[in-house]
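Please read the structure below before turning to the comments.
Nothing in this text is a laboratory measurement; each read-out follows from the coordinates by a stated rule. Computed from a predicted model, the values in this text were never measured in an experiment. Cβ placement follows ideal geometry from the backbone for every residue including glycine, while neighbour counts extend to all protein chains displayed.
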Amino acid sequence: MFDIIQSLFVYIGLGLSLYLLGRVASQRQIANFQVGHRLTFWNWEIVASLALFALVSGVRWNVGVDHLSYLREYLHAQAYGTTIKDFEIGFKLLTQGMALLGFHYAFYFGLLAFLQLFCIYQTFKDERYLLPYVGLTVVLGFHYLSWMNGIRQMLAATIFLFSIQFIVRRKLAPFVSMIVLASLFHMSSLMLLPLYLLPNKDFLNNRLLVAIASVFFFYIGMDPNWIALVEKYMSLVIGWLGYEGYSENISHFIEQSEGASFGPRMFSIFLLYALVIFYSPLLKKNFFNTNFIIYYKIYIIGFLLYCLFVNSHHIFLRPITYLTICSIPVISYFLVYLSRRPKKYAALFAIVLVLACAYTPLSVVADYGLGERDYSNYRIFLFNDNR
């Protein structure tokens, strides 16, 4: 029980801290705008947000199987000067550089977490009114618990989130440059290049069709055996995306697929998705001069694919996180819209806020007692590193 209390204190405390610091950043931007001053990115509240996120994430222990693998690679680099696995050049240089400089692995993981949130905050440096809810959504939504496990891909995903602005502005060179940068940490990000061809036109404006498509994709995804029909092509795609260790075992992963447990956590994700679709016309109208529409389009596409693979092995869901990361800005815009209309939407704001912040606390309770397989409850290396 102490683990649950400690975990809720840390996660909720981190989320609320980012929320409050985000409010300071938002108020500073408003004040600077009113007097015509240009606002720099590096203010104390931004530095504090990034540092706090890095600290809490860097000392975290038992995050997942991949996290332990990265730890072994880092310790090997400290002992022998190089990693065991031939990672992408950017990730390998960062890992070996910090290892050779003698940094403790907590600083290594902390730096990676710092870079993840830095990319997100850079994305919204001109829309700091979003930062309070961005912080809450990142930590207490369905993102944070997996970020230090899928370190390389999630860093690449945050770089992609930053690059989306160049799709809207039709700046090919900066977009390609950002995707190439992301590929230095995870090769799979190269599959995002075709997204530059996404039309600026809102082709997901029919809520009924989006809802029908969601139900249809979910129905197909209820039986993961459909993947066996395209197993040959799936192996090629999985290998090309940088998951070579998995591409030769597609049949095994299909057999190991388990039906998703639709408890409170999944309910919160799906209900929030439904509310976003229902209120999307109002959000598009209110935030027409922002990048909301393209975030919304990518989020919907990602969620449709999520529905298709929700009952399959998690390896099939990993590439989709590049798209579902857009739920962070979409939900943040939603909460900002509702918070600005307290008389009309007070109850709805409370509902959306609870749904947006439910996943991490629910995971803490649900995973308690799983022992080494409990990757949700917060632990730090000081008391758990028994290597």
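The table below lists the values:
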read-out: Karplus-derived HN-Hα couplings along segment 46-63 (A = 6.51, B = -1.76, C = 1.60, θ = phi - 60°), whole Hz, x at Gly and Pro; value: 6, 4, 5, 4, 5, 5, 5, 4, 5, 5, 4, 6, x, 8, 5, 10, 6, 7
read-out: Positive-end extreme of charge dipole, segment 1-192 - chosen from Leu130, Ser183, Leu8 (charges on Cβ); value: Leu130
read-out: Segment 310-384: translational diffusion in µm²/s, Stokes-Einstein, Kirkwood Rh over Cα pairs, 20 °C, 1.002 mPa s; value: 139
read-out: Point-charge dipole on Cβ atoms (K/R +1, D/E -1) for the chain, about Cα centre, debye to 20; value: 1680
read-out: Mean separation of Cα contacts under 8 Å, 6 or more apart, over the residue count of the chain: relative contact order %; value: 23
read-out: Förster-model FRET efficiency, 25 Å R0, Ile220 and Phe278, C-beta, rounded to 0.05; value: 0.60
read-out: Lys297, Lys344 arranged by Cβ crowding within 10 Å, fewest neighbours leading; value: Lys344, Lys297
read-out: Mean shadow area of segment 88-238, taken as a quarter of the surface of its Cα convex hull (nm²); value: 12.1
read-out: Other-chain or far-sequence residues with amide H under 5 Å of Ile380's (modelled H); value: Trp61
read-out: Kirkwood Rh, Cα atoms: Rg over Rh of segment 1-192; value: 0.99
read-out: Cβ charges +1 (Lys, Arg) and -1 (Asp, Glu), total dipole of segment 1-192, debye; value: 480
read-out: Charge dipole of the chain about the Cα centre (unit charges at C-beta), most positive-ward option of Val365, Ile325, Ala77; value: Ile325
read-out: Segment 1-192, relative contact order [Cα under 8 Å, separation at least 6], %; value: 28
read-out: Proximal lysine pairs, the chain, alpha carbons under 27 Å, eight or more residues apart or interchain; value: 20
read-out: Descending semi-axes in whole angstrom, ellipsoid equivalent of the chain, from the Cα gyration tensor; value: 30, 27, 23
